[in-house]
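In what follows, a single structure is set out as structure tokens and then discussed.
The values are calculated or read from the model by the stated rules, or taken from the named source; none is laboratory data. Since the structure is predicted, the reported quantities are computational estimates derived from the model, not experimental observations. Because the Cβ atoms are built from the backbone with ideal geometry, glycine has one as well, and the counts that use them run over all protein chains shown.
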Amino acid sequence: MSESADSTKLAFFEEQVTKHHKKVLAYAMSLYGNAHVAEEVVQEALITAYKRMDKFEFDGSFPAWVRGIVRMKYLELHRNKREIALGDEIIDIVDREYQQWEEYEESSNQGIFSLLKKCSDKLPDSDRKIIMMFYHDRKRCQEIAGSLQLNEATVRKRLERIRAVLKQCIDKQMKLVIE
């Protein structure tokens, strides 16, 4: 590959990583459930993607391609550890959600994370506080329960309900734009 082709490849890769890194990381978190492992896997996937850039079809979806690499690494890790991985049906559902996010972003010129913020701003302060403690501060339910003087089961149930409310809000907003 020529020097100008290499620099073009690098520029494209950097642009795509900058644009899609958070979404790919969110996808990895959906599969792994552990932020540190997800971050490592995304780094490995991006290295793999860069090494295979000559195989990438430039009219294809870069985030979908990298998600495919993350998915393969997820399945490989579980095979090597002889652990049961999420089933293909579940991973396909997660993939479809992320594909819908991409379609929304293309249709609306608005990022999915700004839509998430818009929906989370509608939550009551108490719910927003739990979400911030769990996702931003990376506190465990037990820690959140202790600091808010709640039962741990109550925190888990509230997180479940908050997630459902946020998903419903996001789906509603996306539907308005996509349709």
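Within the range 20-38, track down each residue that is loosely packed, with under 14 Cβ neighbours inside 10 Å and touching a helix residue (DSSP H, G or I) at 6+ places or on another chain (Cβ under 8 Å).
Within the range 20-38, K22, A35 meet the criteria.
Take L150 and tell me if it is at pLDDT 75 or above, over 19 Å from Y32 (Cβ atoms) and not in a helix (DSSP H, G or I).
Yes.
So which residues in the range 112-142 are assigned to a helix (DSSP H, G or I), of a type outside the set (V, I, T) and within 18 Å of G33 (Cα to Cα), if there are any at all?
Of everything in the range 112-142, those that are assigned to a helix (DSSP H, G or I), of a type outside the set (V, I, T) and within 18 Å of G33 (Cα to Cα) turn out to be M132, M133, F134, Y135, H136, C141, Q142.
Could you check the range 1-101 for helices (runs of 4 or more DSSP H) lying wholly inside it with 3 or more residues that are modelled with pLDDT under 85 and of a type in the set (S, T, N, Q)?
3-32
Among the residues of the range 164-175, how many are without any contact (Cβ under 8 Å) to a residue 24 or more places away in the chain and surrounded by 12 or more Cβ atoms within 10 Å (Cβ to Cβ)?
Count: 2.
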